[in-house]
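Where a number appears in this text, it was derived from the coordinates with a stated rule and is not lab data. All values reported here derive from a predicted model rather than from experimental measurement. With ideal geometry, Cβ positions are generated from the backbone for all residues, glycine too; neighbour counts draw on all protein chains shown.
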Amino acid sequence: MIKENFGIRKSDVINRRMFIIGAAKIIIFTGIVARLFSLQINENKKYLTLSDKNRIREWKLPPTRGNIVDYFGNIIAGNLKVYQLHIIPEQVENFNYLLLRLKTLLNLSEKKIQKIVNLKNKLKPWDSIIVSENLSWSQFLKVNNYLYDLVGVKPVMTISRNYPFSEMYTHVLGYVSQPNEEEILENEIVKERFVPGMKIGKLGLEKTLENQLIGTNAIQRYEVNAYGKRINQLEYQKGLQGSKIRLTVDTEVQKLSAQLLSNKAGSISVMDIYTGDIIAMYSSPSYDPNLFLFGISQDEWQLIRNNPLKPLINKTLSGLYSPGSTIKPIVALSALENNIINTNFKVKCTGKTELYGQTFHCWKEKGHGWVSLKNAMKQSCDTYFYEVARLLGVDRLNVTAKKFGLGEKVLGEYFDNEKRGLFPNTNWKKNNLGRGWVLGETLITGIGQGYTQTTPLQLCLMTAQIANGGYKIKPKIIVNDDPLSLEDAKNSMELQALQKPNTRLFNNPKNIKIVQEAMFSSTNEQFGTSYRSRIDDPKYQFAGKTGTAQVKRISKRERELDLKLEQIPYKDRDHALYVAYGPYKNPRYALSIIVEHGGSGSKAAAPMAKELFKLIIDRDELRDKQSNFENINI
Amino acid sequence: MFQRDRLNSELSFFQKIKEIDYTLLISIIILSIISLLVMYSTDGGEILYHTKSHFSKLAVFFPMMIFIAFFNIRHWHTFAYVFYFLIILLLFYVSFFGLKASGSQRWMDLYLFVLQPSELMKIGIILCLAKYYHRVKIENVNTLTSIIFVLSIIIIPIIFVISQPDLGTSVLIALSGLIVLWLGGVRVKYFVYSFITFLISLPFIISFLKPYQKLRILTFLDPDRDPLGAGYQIIQSKIAIGSGGLDGKGFLKGTQSYLDFLPEKHTDFIFTLFSEEFGFIGSVGLLILYTIIIFRIIRIGALSRSNFSKLFCFGFAFSIFIYIVVNLSMVLGLLPIVGSPLPIMSYGGSSMLATMIGFGIVLSAKINHKQTIA
């Protein structure tokens, strides 16, 4: 019984202590429920976001670049579907066998195979390896035929830049290629939108207009697992193609320019003298920008780089040439404006002029006899312009030349490779060469030799501003939002000249007229330097000025030998130049032609102008019809 | 006395069936079904290895539990020390010949499944101490010899388990043992004194911890310290639970587990998956189910006439409670990560075996609640 008593007492202790624990349990369970409540109800949003962040990953796809079109809406830089070949390593059964099959199918090099193997070891098994960025259609078909045998291979269609006119526009457009690290970092937009395989503009307008052309990434949203493997696609967000850019250029004129300059080094530029539209701008020789899209081969690169005609240089904008006799209209205009000469002023040309014991030759050894301004311009008499320059002085000449755009960039904001050129004056020489100006230098400056350096586009602009009656124009290559019609351009030109007299490049409109007439006679009257290249039909009739720029000083011996062009080494031959505008009665277009080492301007350059004006003026009407931008839809 | 024992054991089969605690039994069945469904979800909505294996374990251990229920609790009393001693032998065996996995040696291969004897010790220690406090006179409970005896009963298995090393299980064994000491009537002040001593020596104990164990504590204090390394589990677990919301993402739709963000989702983190898919409502429901089970066990203990049954039921109820609390606190980021399964829910044979044995004994205690044990 006693034992029993203890038993009861013991169970009391047990029950009482159990009760305490039971209470503790309830409190603890309540605590856990509270914790659950705070996580799942109060902070649900936060954890839901975190969970989505875990499982949803975005893949950016390369954006599609905007098209670049010519004035008539022809695509000159577009996008093309390309066929690529990817390998997804985790799906491959036998990697070595697959590589062997691909090697024979696509003629892959040993080096390429090694590259694929290296990539495979570097990447995760579900990341695709790009075997070929650009399969030809026949290769693509071949691969598709054997697809049953190529487990783990995925033919992919994607979009790549394409230049349908290949080398025609290289110096205008530039090209796109894979960016390097520096290029990605220096442009915020590129940095944000960069994905492997994306290409950016490396040169020309493709580079300067990068931010407009680039477009936005398409985005694929995938559900991924903890290891980053894509499980399924949740969403596809289309990217926006980059802006379409319309240029002022005319592909037909560009084509003719390329054709005229084929196998030659040189440049042709054509400009609308009122609107400043650049109609053609071709630097020869050019190269195919499509070669750079998927990485240029070493051989092809060496071929371009080592070409003696220097295809890599954009001669229109960065080629610096002595203007030669093409400067004479400016010299004449400057002299007229400064009242140094008038139309009756005459100089006797004996073939040479002596100054301080130095002899300055006219191109015509026998001399031109007594010449007036008109005749001097027509026959390009050097002696006349020596005398005019001597009377005028280089500083006054410099003022006029600067007004007409020499020594200044023409399209500087769009082309970072454009050069300013140089038109000297006495101060310039003192500051830069540390020596005083010599009168002899004024003389040769008067015939476009010496320190003067101009780009072909500057000469074109200069001619355009003479042709339009002496008004300043702003050359442009991109049609902006409200393209100027011819009438608008003319009106605003005159209005501006009234309001802002400094945009007028002359004091007396008569002087411009005199120069224009002199240029007309040079082309359309007998004994004119470009008489042989004239067109008599007033619809196409043009006025121009030849130029022959010496590359090196002609020695006495050479002068006596009077060598034919073919007998002079290529490097020593003169550059042939020609500037012109037309139609003469109602001018609209100006052009400049330079043929490097082409010999005389009248023989090598002026005949090209004849061909060009025929085409340009034929297309004038078409061009006017296209001036409304909205009508063009690509 | 002998006669009464005879009387006690003479319950007929039908009487026994009548005496079964059906609330408890049905709760266990529901819990088993839930555990199978969740296991199915961890397999990604297919019947794969874990589901099959979990099912086959239930198929073996559930009938075993019923069998134990019909086995008189008296015999457990009789063989309690033997049972304890057998487990000590198993612990001794695994510490020399056990299977090694991820740096610890705590398993033995039984061909059917891999047994972890330390899990069985959670039951063994309760049985052993229940028998001791059942037999000891209440006056002798707080004598020095008695205290030393019970402490050595707790400390011997713990030494084995700590050396495996398995800190989590050894803490749980210690707590299971200590609760029986508490129930048996060891003075409150001893608990208070030893708790104070424990707090004071805590820094000293920490210096003995292995580097990975220290890391776990540091990670617990600041999970964002190393979000992709040590803190990963707890961060991902909280994300899974938190994103479940009120009613969950839906069965088989838990993205965190389905996409493999959850580590150990079959075992210690099983509640995370459950909570992600069934939300706050489901989680509280599961807790209620556990609470029902615990209180039914306590009720059986309260009904039992013998102190052995009482001590076992209360001790076992507490040990289930403490597993749940430790496991949930861990996945909810309230405690450092210690390996502790959620009873029945977690994948793992040993834990289920021990729990099912416990349930069996409890059911047996209910059937025989009127009997006393000498």
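Remarks
- Nearest-ten-degree value, helix A:606-618 long axis tilted from longest Cα axis of chain A: 60 degrees
- Rounded, prolate or oblate (a/c below 1.5 giving rounded, otherwise prolate when a/b exceeds b/c) for segment B:13-367 by Cα gyration tensor: oblate
- Panel order for A:Tyr570, A:Tyr148, by other beta carbons found within 10 Å of each beta carbon, from fewest to most: A:Tyr148, A:Tyr570.
- Residue-averaged [θ]222 nm for chain A, counting only DSSP H segments that reach four residues, each worth -39500 (n - 2.57): -11500 deg cm²/dmol
- Positive dipole terminus of segment A:59-245, leading residue within A:Ile88, A:Trp59, A:Tyr71 (C-beta point charges): A:Ile88
- The fewest-to-most ranking of A:Thr64, B:Thr267 by surrounding Cβ atoms within 10 Å reads B:Thr267, A:Thr64.
- For segment A:585-629, the equivalent ellipsoid built from the Cα gyration tensor has semi-axes of 28, 10, 8 Å, listed from largest to smallest.
- Taking chain B and dividing mean pair separation by its residue count, relative contact order in percent (alpha carbons under 8 Å, at least six apart): 27 percent
- The alpha carbons of segment A:59-245 give a radius of gyration and a Dmax of 18.3, 54 Å, in that order.
- In chain B, the longest principal axis of the Cα atoms and the axis of helix B:73-97 are about 40 degrees apart.
- Percentage relative contact order, chain A, counting C-alpha pairs under 8 Å, at least six apart: 13 percent
- Rounded to whole Hz, the Karplus (6.51, -1.76, 1.60) HN-Hα couplings of segment A:209-221, x for glycine and proline: 9, 3, 5, 7, 7, 4, x, 10, 5, 6, 10, 9, 9
- Distance (nanometres) between label positions extended 7 Å along Cα→Cβ at A:Asn118 and B:Ser12: 8.9 nm
- Local electrostatic count, B:Ile337, Cβ distance below 11 Å [Lys/Arg +1, Asp/Glu -1]: -1
- Considering only Cα atoms, the convex hull volume of segment B:1-138 works out to 167 Å³ per residue.
- Sorted by Cβ density within 10 Å, fewest first, the residues B:Phe359, A:Phe294, B:Phe316: A:Phe294, B:Phe359, B:Phe316
- Mean partner shielding of peptide A:225-232, defined as the number of other chain Cβ atoms within 10 Å of each residue Cβ, is 3.
- When the convex hull of its Cα atoms is projected in every direction, mean area for the protein assembly as shown (nm²): 60.1 nm²
- For segment A:512-634, the relative contact order is 23 percent, taking Cα pairs closer than 8 Å that sit 6 or more residues apart in sequence and dividing their mean separation by the residue count.
- Shielding of B:232-243 by partner chains, average beta-carbon count, 10 Å: 5
- All lysines inside 19 Å of A:Lys10 as judged from Cα atoms, apart from same-chain residues fewer than 8 positions distant: B:Lys131, B:Lys137, B:Lys189, B:Lys310, B:Lys370
- Normalised radius of gyration (Cα atoms, divided by 2.2 N^0.38 Å) for segment A:279-368: 1.86.
- For chain A, the longest principal axis of the C-alpha atoms and the axis of helix A:2-37 are separated by about 20°.
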